[in-house]
Amino acid sequence: MIDSASRLPQQRSLVTALPGPRSRALTARRTAVVAAGVGSSVPVYAADADGGVIVDVDGNSLIDLGSGIAVTGVGASHPAVSAAIGAQAARFTHTCFMVTPYEGYIAVAEQLSALTPGGHDKRTALFNSGAEAVENAVKVARLATGRSAVVAFDHAYHGRTNLTMALTAKSLPYKAHFGPFAPEIYRMPMSYPYRDPAGMSGEQAAARAVEQIERRIGADSVAAVVIEPIQGEGGFIVPAPGFLPALADWASAHGVVFIADEVQTGFARTGDWFASAHEGVVPDIVAMAKGIAGGMPLAAITGRAELLDAVHAGGLGGTYGGNPVACAAALSTLEVMRTEDLCARARRIEEIALARLSAWAGELDVVGDVRGRGAMLAVELVRPGSTTPHPELTKAVAAEALSHGVLVLTCGSYGNVIRLLPPLVIGDELLADGLDVLEHALRTHGR
């Protein structure tokens, strides 16, 4: 049981059908002014949030198994983080680090140097979003190596900017009709144990990718390999053991920058500070965002000093990058993660949830695969007796869960994965209640 003090009651409670009347009224207002291309997963509007619950504008208390897509690991309003934000905002909200620098930026960089894998000399640059972090990591790799080709992988998601859309694999909704995209991006096969040939090891999957890299591009032309240690939007795909180390070893041997996109996997989410650490992989550059600052917009790249210091002065930055309020939030968030040992808490969430999910896999033939690490877990749904993706069932299960007050997210290249990303501070009882509702939804629609 987590010891975080909660401001709101940590329980599920419905006082209206979902969406309630106030949420429906907000949807009508939204339709008149918000661009149609901005989507939302659920039709309810938040009024308050704390710990593992979100309270909507109609007074319904929902169990949050999404954490704003892995952002609010310490909860959406942890008192220490909120206090740090308020204290910094009372002093100054912005000066621009590129004009008048401040200590908070340096302190965050010091923390990231200590926390990211590897004991080598490191440098950090701060930005606003995960896409910015990935894009700047690629900029650094291209400049430092003098090469242009970048390798990405099947099922990858890296962002919505032009370059990161090129790195992203899935067309709808991320890429369709937005091209042309940045050139010199090459896509290789990912290790996907559930869908790979039976018995394929991680080393064999890496050899398959390397063979294509060398044949289609040539190692001497590759600036960087960009990969999520556990793929996020692509379906929470955990590569087979040995895949990541083999790729990293190949990159090191050929002067290729190995970039780990830890935007969704970082900051205690998988049971370690970073998912790369589970197999002892030391990336050349780590791209980070989401869970770093308790909900404030902040992103970073931390990498080998010789890579980041190769960039000329002014080549990295941005007006809002490393905003002082966001830096204060990050420093407090990291302290909460330490003092409350949220890496251990993520492992406990895995222990509780994975046992339940695995039991469903043994009983329900629509559950094709259960996978993940820590508090980043997934259920891949398929048509009975096959491995054929079942996106319609996935949507129905998520909608059924929401109707009973549990918010879950879907993902996957085929739209057939239920993903669980609870706040790391969620209590055992609330987590169990959320899993009960999800199981009910799955059994109701998955017969």
Which pairs turn up if I take residues in the stretch 216-229 that are assigned to a strand (DSSP E or B) and look for partners that are among the charged types (D, E, K, R) with beta carbon separation below 7 Å, at least 6 apart in sequence or on another chain? 222/147; 223/142; 223/147; 226/261; 227/261
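Which of the residues spanning the stretch 411-447 are among the hydroxyl-bearing types (Ser, Thr, Tyr) and in contact (Cβ under 8 Å) with a residue 60 or more places away in the chain?
Pass one, the stretch 411-447, residues among the hydroxyl-bearing types (Ser, Thr, Tyr): 413-414, 444.
Residues satisfying the conditions are 413, 414.
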Of the conditions (1) buried (at least 22 other Cβ atoms within 10 Å of the Cβ); (2) out of contact with any Cys (no Cβ under 6 Å at 6 or more places or on another chain), residue 185 clears all except one; give me its number. (1)
Residue 118 being over 26 Å from residue 51 (Cα atoms) and assigned by TED's automatic domain parsing to the domain that holds residue 259: yes
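Does at least one position in the stretch 367-381 carry a residue that is in a helix (DSSP H, G or I), of a type in the set (A, V, I, L, M), at pLDDT 95 or above and under 23 Å from the mean Cα position of the chain (by Cα)? Spell out how you get there, then give the answer.
Taking the stretch 367-381 first, the residues in a helix (DSSP H, G or I) are none.
No, the conditions are met nowhere in the stretch 367-381.
Only strands (runs of 3 or more DSSP E) wholly contained in the stretch 101-188 count here; list those with 2 or more residues that are under 18 Å from the mean Cα position of the chain (by Cα).
Numbers: elements: 122-127, 149-153, 185-188.
Of the strands (runs of 3 or more DSSP E) lying wholly inside the stretch 101-188, those with at least 2 residues that are under 18 Å from the mean Cα position of the chain (by Cα) span 122-127, 149-153.
In the set 255, 232, 218, which member is surrounded by fewer than 16 Cβ atoms within 10 Å (Cβ to Cβ), under 20 Å from residue 301 (Cα atoms) and of a type outside the set (Ser, Thr, Tyr)?
One residue alone meets the criteria, 255.
Going by the structure shown, is residue 385 more than 23 Å from the chain's Cα centre (by Cα), assigned to a loop (DSSP other than H, G, I, E, B) and outside the structural domain of residue 196 (by TED's automatic domain parsing)?
Working: more than 23 Å from the chain's Cα centre (by Cα): yes; assigned to a loop (DSSP other than H, G, I, E, B): yes; outside the structural domain of residue 196 (by TED's automatic domain parsing): yes.
Against the criterion (more than 23 Å from the chain's Cα centre (by Cα), assigned to a loop (DSSP other than H, G, I, E, B) and outside the structural domain of residue 196 (by TED's automatic domain parsing)), residue 385 qualifies.
Let me confirm something: among 382, 406, which residue is β-branched (Val, Ile, Thr), touching a helix residue (DSSP H, G or I) at 6+ places or on another chain (Cβ under 7 Å) and crowded, with 19+ Cβ neighbours inside 10 Å?
The unique qualifying residue is 406.
Just to check your reading of the model, which residue among 27, 72 is without any contact (Cβ under 8 Å) to a residue 60 or more places away in the chain and out of contact with any strand residue (DSSP E or B) (no Cβ under 7 Å at 6 or more places or on another chain)?
Exactly one of 27, 72 is without any contact (Cβ under 8 Å) to a residue 60 or more places away in the chain and out of contact with any strand residue (DSSP E or B) (no Cβ under 7 Å at 6 or more places or on another chain), namely 27.
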Looking across the stretch 23-73 at residues that are farther than 22 Å from residue 436 by Cα and acidic (Asp, Glu), the single one that is nearest to the chain's Cα centre (by Cα) is 48
Need the failing condition index for residue 90 against (1) out of contact with any Leu (no Cβ under 9 Å at 6 or more places or on another chain); (2) closer than 29 Å to residue 270 by Cα, just the number. (2)
From the list 173, 101, 117, which one is modelled with pLDDT under 95 and farther than 29 Å from residue 215 by Cα? 173
Residue list for the stretch 237-259, restricted to those being under 30 Å from residue 66 (Cα atoms) and free of Cβ contacts under 8 Å to residues at least 60 places away in the same chain: 239, 240, 241, 242, 243, 244, 245, 258
Across the stretch 189-215, which residue is surrounded by the most Cβ atoms within 10 Å (Cβ to Cβ) among those that are part of a loop (DSSP other than H, G, I, E, B) and either aliphatic (A, V, I, L, M) or over 26 Å from the mean Cα position of the chain (by Cα) (or both)? 190
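The values are calculated or read from the model by the stated rules, or taken from the named source; none is laboratory data. Because the structure is a prediction, the values reported are computed rather than measured. In this analysis, Cβ positions are derived from the backbone assuming ideal geometry, glycine residues included, and neighbour counts consider all displayed protein chains.
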